[in-house]
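Here's the structure we're looking at; comments come further down.
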C-alpha cells in the first residue's frame, strides 16, 4: 500500500514535467502525425532570414548591372558614348520625351529651354520613331567627351494620310560628367530633332 502511494506521488510529480517537455519538443497535427514545433519555429525563422538576405543580394546585383553604371564611370569612353546614345534611342522609340530630355544637362546646355520646347513639339507631331545610330568617333577634349554619330531616324506622323519622314545626318554630341552620370551638354545640328519637315 505504501509502495502504491509512493508510486502515485512520484507519477503525479513526473507527469506535468513530461507533458511540458512533450509540448515544447513536439505537437500532434490534425492528421495525427507528430511534428517538432520547436524545430519548425527555428526553420521558419531561418527561412525568413534567408529571404531577407536574398532580397538584399538581388538588389545589390540589380544595382551592379544597371546601365547607369556605365554612364557613372569617371572617365569618358566608347561605352559611355554608346550608353548615352542608347538612352536617346530608347526614349525616341518608346515615345518618351522625359527620358530623352533626361539625357541632357539642363544647367550646362545653352538654350536648353528652347531645345526642350523643340523636343515637345517633335513628340507632339510624330506618333512614333525608328532610330539607328553608329558612332564614328569618340574622343576626349579636356573634361568633355565628343562623339560624332551617324544617325538615321524615321518619323511616323500622327495624321493618317501623311507619309513617314526619314532623316539622316552626322551629329556632334558634347558630353560632360555631372554629379553622377555623363550627360549631353550640346549637339549640332539641333535642327535634326526639329518637328519641321525637310
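The values are calculated or read from the model by the stated rules, or taken from the named source; none is laboratory data. Model, not experiment: these values are computed from the prediction. Quick reminder, even Gly has a Cβ in these numbers, built from the backbone with ideal geometry, and neighbours come from all protein chains shown.
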Scan region 176-188 for residues that are touching a helix residue (DSSP H, G or I) at 6+ places or on another chain (Cβ under 6 Å) and in a strand (DSSP E or B) and jot them down. 182
What residue, of 119, 184, is farther than 25 Å from residue 76 by Cα, in the same structural domain as residue 75 (by TED's automatic domain parsing), within 28 Å of the chain's Cα centre (by Cα) and surrounded by 15 or more Cβ atoms within 10 Å (Cβ to Cβ)? 119
Conditions first: (1) part of a loop (DSSP other than H, G, I, E, B); (2) in contact (Cβ under 8 Å) with a residue 12 or more places away in the chain. Residue 121 passes all but one, so which condition is the exception? (1)
